[in-house]
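Quick one: the structure is below, and I'll ask about it shortly.
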Amino acid sequence: MLATLEGAVTAAVLALTAVGLSLVFGVMRVVNVAHGEFFMLGAVLAWWVAHLAGGHAAVGFGLALVVAPVLVGLIAALADVAVLKRVGYDPERTIVATIGILYIIQQVTLMTYGPDARPVEPPFNTRIPLPWFEFTDQGFALYWPWGLSTTSYKLAVIGASGVVLLTVRLLMTRTRIGLLMRATQLDRETALAFGIPVDRVYAVVFAIGAGLAALAAVLIVPISQAHYLMGGDPLLLSFIVVIIGGLGSLPGTVVAAILIRLSDGIISVFFSPTLAKILATLLVALVLVFRPQGLFGGARA
Amino acid sequence: MISRSLALHGGLIALLCVLQFVLPAYHHGNLARIMVLATYAGAYNIMFGYTGLLSLGHALFFAAGMYGMGLAMQHGGLSPAPAMAVGLLAGLAVSAVLGVLALRTAGVAFMIVTLMFAQAGYLAILYFGNWTRGDEGFVIQQAERALAGIDLSDPTNRYFAALVLFALGMGLTLRLVRSRFGRVLVAIRENEERTRMLGYDVFAHKLGAVILSGTLSAVAGAAYGLLFGYVGATFGAVQYSIFPLLWVLLGGAGTVIGPFLGTLFMFYLIDLSSGITSAYMLVAGVALVLLTLFAPQGLAGEIRARLWRWLP
Amino acid sequence: MTVLLSTRGLSKHFSGLHAVENVDFDLPAGQIRALIGPNGAGKTTFVGMLCGRITPSAGAVIFDGQDISHLPAHRRIRLGMAYTFQITSVFPGLSVAENVALAARPHLRGEAEVAAAVQDALDRVGLGGRTGQVAGDLSYGHQRLLEIAMGIAQAPRLLILDEPTQGLSDGEIAAFKALIRDLSATTTILLIEHNMSVVMETADMVTVMNFGAILAEGRPEEIRADPAVQAAYLGTDADAGT
């Protein structure tokens, strides 16, 4: 139960990050290898903002929740216009370019922020005891064992992620910008012919994708810490999730994120974390080799 | 045409041979490393430059050779010559398996699949820490590093061993680009469907390219471990998959001399910047972005396009 | 007269659409056969299944008495088929000579023989003076001719040409007609063609496809007089026209 809840927190954050990656791939057909670094940048910026704001933890955190994703989104849009657009979104050159962007962001962070891991205080953090139930000789019993608890903040993270994911979904299906995105996704040439400003749509999508990763990072940073190398794992896991969920499919991505994270907790009971990672990585590679449409994707290419 | 190419590449080998006697110790050691790494870059080039297969997982082959050699010496008690053979065979086996699997995909999926397999390999090195000593790695003792009675830890011997390896790698590539097999690889890079419709077994040729490239990478990895006496997990990490891509892009993909030029420039660029800051990989990042933007052909590619059309 | 190539019940369905439906087709050795039909009639899909680029939904392809339905494309080519693409498909970064040499090598041993075959094929299409040029720098018409030269250099027993005269000038088309007649001495030719003057002047027999099926088959002058064929080309329903 407790492991499941912990799993749900990381699953929520992973889903946000992966949806960002999936959105960018779905609409732009760009594999953004620098996605993990946008995540990292979100966490580091959250630390800066919280650090500069001072006062009550909630003030700094609230500010970070807005400022970090927006700033990261702007940086991403800049990278899109300055680099990706200029290589014409050629798939292979884009990947090489985003590898370059990965190192630039990571190393500039190392130069400015330094190699230390730093915490951000959560805005609220009450301990909530959890009930446990058992079948005893006297029948069904419900009690609150000591030590079995979660924090209000963790529940809030799950809730917030759900709200954001729903917002993204509504944005894609109900709004004009969502319509433009889907049109561009279906056929870039036709979209251009119909006067859709494809360049601007791409910049916005790349910014939103990066912003989602940053938002996920801000949410998780009070639980973990901000560090310049923290982008690697989210990148790898997002890849896994997006590939298993079916490239470019948002619902598939969310389902896969939950599945991976929940199963991760269970797998690591039996195997060491490293072995679990090896198996997960191999699984992804084999899924790509034998079922490129994803485990949950339909027959469409 | 052939003699000009022979003069250029033979001249490079001769120059490297002479440099051995004039370079100060520091650069002498650097150049030995560069020659081994350039062999690795040249191996990468067979797949990327000539066949058009962009792998993001070559560290898997480099590490397969290095650990194949290192573990055979450390735990198998083998002497360097058979240990090198073990490294070569490890690369052969790993690249054959990876090729058969990864070549079912193409383009972006191929890049991700190679990346994932290499990541799994890297994690496996960490996981089997009892044998590999994980991140820390292990040292091959100076006394054991003798091949046919020649002490490879001696700087001069090491330099010449690296030079021989480099010359062999370059000779192999020169032969390859003139062979029928190599010409089909280039045809696949240029237009895969057309190549198939001329009656060539595209899959078999690509697999051949992966195995050749992977095995030569493994030999370079094994030689690196043997010559410099250290085997460690960093050589299996993502960075060592990105490096050959960077070197080849910088030097010029699909040219025989390009990988050497790229490795030489990048090695010294990173060497210089790591003296200034610990964030030396920034240089690699900036170089990757600038190259994709402004010089996708690399140094030798630009030379070929502007000056020497005959450059192989 | 031996049959070089035939199909039995050959069909291809793309998600419900019957692109090619149950086609029985026989091509005798030595013939120049034209395959015509309105756009979307299934011609390219049909020849795609002949040479292995497209997997059929049902049916068999028999080449020289051997069932090749399950052979991959490159094996069929090795048996003596050649296919030139409808949309020009050469090796743009390689020289004209290397383009043709790649086509000649699978069936020739020495490089000297290859060089001779290359020069011969290029001379026949009129590109003999351009061997050193980079293929991507050629004009569109010259790239089409290069494509045909590659087909010739393969020395096939069956040469499948998919709309070879598209984009050629009148002078080049006249030369092409002569070339086809010249080639028919050594090879069987299946020609997908829209240009009726080319069809009428070169083909021994014409097969007309419409809606994925064979509508008519006969000598050029018979086909020209066939009311069903005329109806198909005028865009009305074939059955309504008869």
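Read-outs: derived from the displayed coordinates by stated rules, not from any lab. Because the structure is a prediction, the values reported are computed rather than measured. Reconstructed Cβ throughout: ideal geometry from the backbone, glycine too, with neighbour counts over all protein chains shown.
Can you give the mean number of other chain Cβ atoms that lie within 10 Å of the Cβ atoms in peptide A:102-114?
Going residue by residue through A:102-114 and averaging, the value is 5.
Next up: Could you calculate, for region B:24-238, the ratio of the Cα radius of gyration to the Kirkwood radius, expressed as Rg to Rh?
Here Rg/Rh amounts to 1.00.
Under 5 Å between amide hydrogens, which residues at least 5 positions from C:I160 or on another chain qualify, with H placed 1.01 Å from N in the peptide plane?
It is C:A82, C:Y83, C:T84, C:L190, by chain and number.
Tell me, what does the Kirkwood hydrodynamic radius of region C:88-155 come to in angstroms if you use every pair of distinct C-alpha atoms? The partial results should precede the final answer.
Working: mean 1/r = 0.0884 Å⁻¹.
Radius from the Kirkwood sum: 11.3 Å.
Here is a further query. Using only the Cα atoms of region B:44-105, each taken as one equal point scatterer with no solvent, compute I(q) by the Debye sum, divide by I(0), and report log10 of the ratio at q = 0.21, 0.22 Å⁻¹.
-0.80, -0.85
Which value results for Rg/Rh of chain C when Rg is the Cα radius of gyration and Rh the Kirkwood radius based on the inverse mean 1/r?
Ratio of gyration radius to Kirkwood radius for chain C: 0.97.
Same structure again: Taking the beta-carbon count within 10 Å as an exposure proxy, list A:L229, A:L23 from fewest neighbours to most.
Working: A:L229 13, A:L23 26.
Ranked by crowding around the Cβ, least crowded first: A:L229, A:L23.
Cα to Cα, under 17 Å, and not fewer than 8 places away if on the same chain: which aspartates and glutamates meet these conditions relative to C:K177?
Within the straight-line cut-off, C:K177 pairs with C:D123, C:E147, C:D162, C:E163, C:E193, C:E201, C:D204.
Return A:M111, A:M181 ranked ascending by Cβ neighbour count within 10 Å, so the fewest neighbours appear first.
Values: A:M111 14, A:M181 24.
Lowest count first: A:M111, A:M181.
Take the Cα atoms of region B:95-184, build their convex hull, and give its volume per residue in Å³.
172 Å³
While we're on this one: Once the Cα gyration tensor of region C:167-236 is found, what semi-axes does its equivalent ellipsoid get, as square roots of 5 times the eigenvalues, in whole Å, sorted largest first?
Ellipsoid semi-axes (Å, largest first): 24, 14, 10.
When N counts the residues of the protein assembly as shown, how does its alpha-carbon radius of gyration compare numerically with 2.2 N^0.38 Å, as a ratio? Write down the numbers at each step before the final one.
Numbers: Rg = 31.3 Å, N = 855, 2.2 N^0.38 = 28.6 Å.
In units of the 2.2 N^0.38 Å rule of thumb, it is 1.09.
Pull up the cross-link candidates among the aspartates and glutamates for A:K277, meaning alpha carbon to alpha carbon under 19 Å and not fewer than 8 places away within one chain.
Cα-Cα hits under 19 Å: A:E6, A:D233, A:D264, B:D135.
On to the next question. For peptide B:98-106, what's the mean number of Cβ atoms from other chains within 10 Å of each residue's Cβ?
2
Taking each pair of distinct Cα atoms in region B:219-275 once, what is the resulting Kirkwood hydrodynamic radius in Å?
Result for region B:219-275, one decimal place: 12.4 Å.
While we're on this one: Counting only other chains, what is the mean number of Cβ atoms within 10 angstrom of the Cβ of each residue in peptide B:289-299?
Values: counts 12, 3, 4, 14, 7, 1, 0, 5, 0, 0, 0.
Taking the mean over all residues of the peptide, I get 4.
What aspartates and glutamates sit close enough to A:K85 to cross-link, taking a C-alpha to C-alpha distance under 18 Å and skipping anything fewer than 8 places away on the same chain?
A:D187, A:E189, A:D199
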